[in-house]
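Enquirer: Below you will find the structure I want to go over with you.
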Amino acid sequence: MIRQATLAIVLPALAFPVFATTKKPPEPAAQTPDLAALIECRGTLQQFQTLKATLLDKHSSVAAGWTPLPEINPYMFEFSLPAPVGVFGNATAHIAFTSDSVIAVLDLPDPRPLAHRLQLETAIDTPQKAMFGKEVRGNEVTDDKGQKLYDSAVLNVSNVDTHPGKTLAGCSYDLDTIDDDAPAASSVAAPASGH
């Protein structure tokens, strides 16, 4: 008896509302590139450009939980993250973007030990300024038009006077045309200015 009563209730309920309540499956969320991988030069130029374009839009950065910070260095857009990201064995919730870089702002007063541990080349090393870097990926590619391009990722560690007591550590992503007559470029990218 209970079985018949249950079927009498369930069958009509299944027959009618199926069409009325059928919903379109949710759209998959856009895949956010791995921030730590981008900072540590394990990402791609396309991932860097996608993240940068998204987060430099104030509405998108706020929606992601990133708080824009005051611009104390005119060459960097800085953010406070909702949770720290682990990079190079350190955690930070303070990151920055430049035209071609994503950078972790680390609470390390001297960049030299980190640069040494990462086996980076010295570009500048004075008591006031230290800059280190190394190209970690460089590939010749050809675009759709047959143009030869050089896709590179350069790991950088430095200090800058706009951020005293901090070490800037991150990756510069670049895609340049190849000029067969040009001399080879330096493997150390310039950090954000602010002498």
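Enquirer: Looking for something modelled with pLDDT of 85 or more, farther than 16 Å from residue 94 by Cα and in a loop (DSSP other than H, G, I, E, B) - is there at least one such residue anywhere in the stretch 45-57?
Expert: no
Enquirer: Right, next: Going through the stretch 153-165 one residue at a time, which ones are buried (at least 19 other Cβ atoms within 10 Å of the Cβ) and under 23 Å from residue 128 (Cβ atoms)?
Expert: Taking the stretch 153-165 as the starting set, the residues that turn out to be buried (at least 19 other Cβ atoms within 10 Å of the Cβ) are 153-160, 163.
Selection gives 154, 155, 156, 157, 158, 159, 160, 163.
Enquirer: Please find, within the stretch 36-76, the residue that is surrounded by the fewest Cβ atoms within 10 Å (Cβ to Cβ) out of those that are under 28 Å from residue 139 (Cα atoms) and free of Cβ contacts under 8 Å to residues at least 40 places away in the same chain.
Expert: Initial filter on the stretch 36-76 (under 28 Å from residue 139 (Cα atoms)): 36-56, 75-76.
Then keep just the ones that are free of Cβ contacts under 8 Å to residues at least 40 places away in the same chain; that gives 37, 42, 46-47, 50, 53-54.
Values: 37: 14, 42: 14, 46: 12, 47: 19, 50: 17, 53: 10, 54: 17.
It comes out as 53.
Enquirer: Which one is modelled with the lowest pLDDT, of the residues in the stretch 161-181 that are of a type in the set (D, E, K, R) and out of contact with any Pro (no Cβ under 8 Å at 6 or more places or on another chain)?
Expert: Residues of the stretch 161-181 that are of a type in the set (D, E, K, R), as a first pass: 161, 166, 174, 176, 179-181.
Narrowing the set further to residues that are out of contact with any Pro (no Cβ under 8 Å at 6 or more places or on another chain) leaves 161, 174, 176, 179-181.
Details: 161: 93, 174: 95, 176: 92, 179: 78, 180: 64, 181: 60.
This residue is 181.
Enquirer: Continuing with the same structure: Inside the stretch 77-88, can you point out the residues that are within 21 Å of residue 118 (Cβ to Cβ) and without any contact (Cβ under 8 Å) to a residue 24 or more places away in the chain? Show your work before the answer.
Expert: First, pick out the residues of the stretch 77-88 that are within 21 Å of residue 118 (Cβ to Cβ): 84-88.
Hit for the stretch 77-88 is 84, nothing else.
So that you can scan it fast, the table gives a plain yes or no per residue for (1) in contact (Cβ under 8 Å) with a residue 60 or more places away in the chain; (2) crowded, with 18+ Cβ neighbours inside 10 Å; (3) within 24 Å of residue 47 (Cα to Cα):
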residue	(1), (2), (3)
110	no, no, no
115	no, yes, no
122	no, no, no
131	yes, yes, no
137	yes, no, yes
141	no, no, yes
146	no, no, yes
149	no, no, yes
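Enquirer: Separate question: Of all strands (runs of 3 or more DSSP E) completely enclosed by the stretch 76-170, which ones contain at least 1 residues that are farther than 30 Å from residue 62 by Cα?
Expert: Values: elements: 77-87, 90-97, 101-106, 121-125, 130-142, 148-158.
Where strands (runs of 3 or more DSSP E) fall fully within the stretch 76-170 and carry at least 1 residues being farther than 30 Å from residue 62 by Cα, they are 121-125, 130-142, 148-158.
Enquirer: Kindly indicate whether residue 101 is without any contact (Cβ under 8 Å) to a residue 60 or more places away in the chain, surrounded by 17 or more Cβ atoms within 10 Å (Cβ to Cβ), among the hydroxyl-bearing types (Ser, Thr, Tyr) and under 29 Å from residue 54 (Cα atoms). Step through it out loud before you land on a result.
Expert: Values: without any contact (Cβ under 8 Å) to a residue 60 or more places away in the chain: no; surrounded by 17 or more Cβ atoms within 10 Å (Cβ to Cβ): yes; among the hydroxyl-bearing types (Ser, Thr, Tyr): yes; under 29 Å from residue 54 (Cα atoms): yes.
It is false that residue 101 is without any contact (Cβ under 8 Å) to a residue 60 or more places away in the chain, surrounded by 17 or more Cβ atoms within 10 Å (Cβ to Cβ), among the hydroxyl-bearing types (Ser, Thr, Tyr) and under 29 Å from residue 54 (Cα atoms).
The values are calculated or read from the model by the stated rules, or taken from the named source; none is laboratory data. Predicted, not measured: the structure shown is a model, and the values here were computed from it. All Cβ positions, glycine included, derive from the backbone under ideal geometry; neighbour counts span all protein chains shown.
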